[in-house]
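Read-outs: derived from the displayed coordinates by stated rules, not from any lab. These numbers come from a predicted model, not from an experiment. Positions of Cβ are generated from backbone atoms using ideal geometry, with glycine treated the same way; all protein chains shown enter the neighbour counts.
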Amino acid sequence: MRTYSQLSNQRNLFQDGVEVNTVFRTTNYDNFAFSKFNRNVFLTPEMLNQAKLGFVSPIIVNENLIVIDGQHRLTACKQLGIPVEYIIKPNLGEDDIVRMNTVQKPWKLINYIEAYANEGKQEYIRLLNLINTKDYYQSVAIISQIAMNTANPRGMVKPIQEGKFEFHNYEKTVEFLAFLSKFKKETKIPYRSNLSRALYTLFQYKAVDLNKLITKVISSGLNDELVVKSPNYSEAVKELLDAYNFRISPTSANYAGYSITSSGNIKIDSEKHDWALSAFEKE
């Protein structure tokens, strides 16, 4: 690898280069404006950590200080209270915002959610607001799956990408996310995708008392086990049910029975709540 000193011996790099932009720095975040195409953003913990360490490239704005590229960086700097660097490029507009958002890198699920939210689709705005709620499990995939009440994680991808996302039941989605937060705080078990999906499965059944579930997970010692291990989805459902039934007779009305299919899936011997039924199950 060539070093800077080797390169500088060949030519004067600074004379060869041409200065094309001036980088400004400010903490007056209100100087900037967002377009309707980039006002809704999701900040990952990794993004905030990078900003905290100073690994933030300058944002690009037009002559009116409308953000063309870097809405996530600006939002992160504002949230952390650190200076944001910016470059002014005149004559850029909303078409350039869309172009930069679509060609820079392959889109993830959150990018589709942000894009449709910025188009004004209310269901996507509500979904993005839930994902951005710090007290909740900020997993795009888990919250989206719960919101659509789908057992298959892949079942929510296509509708979201095509702009067809709708909440199955918004109020129950919020209720479950609040329960999931409470479960984490009281059991000390960190957020995990398979465990969250398993808890949502139990959340749908009439036989399961959620407050009792938390108590039983703690009293059975399952919480200590789940702090250090990560069972798959079916294993998590089984272990939660076993904890729930801890020291309860199978003949008791409080017993949540289940069976295991030949494929290893868990079949719960209880009715679902009416709100949890899919259109197929209602037929």
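Taking every DSSP bridge with both residues inside the chain, close to 70 percent are antiparallel. Taking chymotrypsin sites (Phe, Trp or Tyr not before Pro) across region 181-283, the ones in a DSSP loop with at most 16 further Cβ atoms lying within 10 angstrom of their Cβ are Y191, F246, Y255. In this structure, the residue pairs whose Cα-Cα separation is over 30 Å, taken from K164/K282; K121/K267; K158/K272; K164/K216, are K121/K267; K164/K216.
Extending 7 Å from Cα along the Cβ direction at V20 and again at E225 yields two label points whose distance is 6.1 nm. Fewest neighbouring Cβ atoms within 10 Å first, the residues T201, T27 line up as T27, T201.
Pairs of Cα atoms nearer than 8 Å and 6+ residues apart set the relative contact order; for the chain it is 12 percent. Electrostatic bookkeeping for Y200 treats Lys and Arg as +1 and Asp and Glu as -1; over the other residues with beta carbon under 13 Å from its beta carbon, the sum is +3. Distance from the alpha carbon centroid of region 113-189 to that of region 46-67 works out to 27 angstrom. This structure gives mean projected area of the Cα convex hull in nm², computed directly, and of (i) 15.9; (ii) 19.9; (iii) 21.2 that value is listed as (iii). Rounded to the nearest 500, the helix-only mean residue ellipticity at 222 nm of the chain stands at -13500 deg cm²/dmol, with each DSSP H run of n ≥ 4 adding -39,500 (n - 2.57). Pairs exceeding a 20 Å alpha-carbon distance, out of K52/K188; K185/K229; K184/K206; K108/K238: K52/K188; K184/K206; K108/K238.
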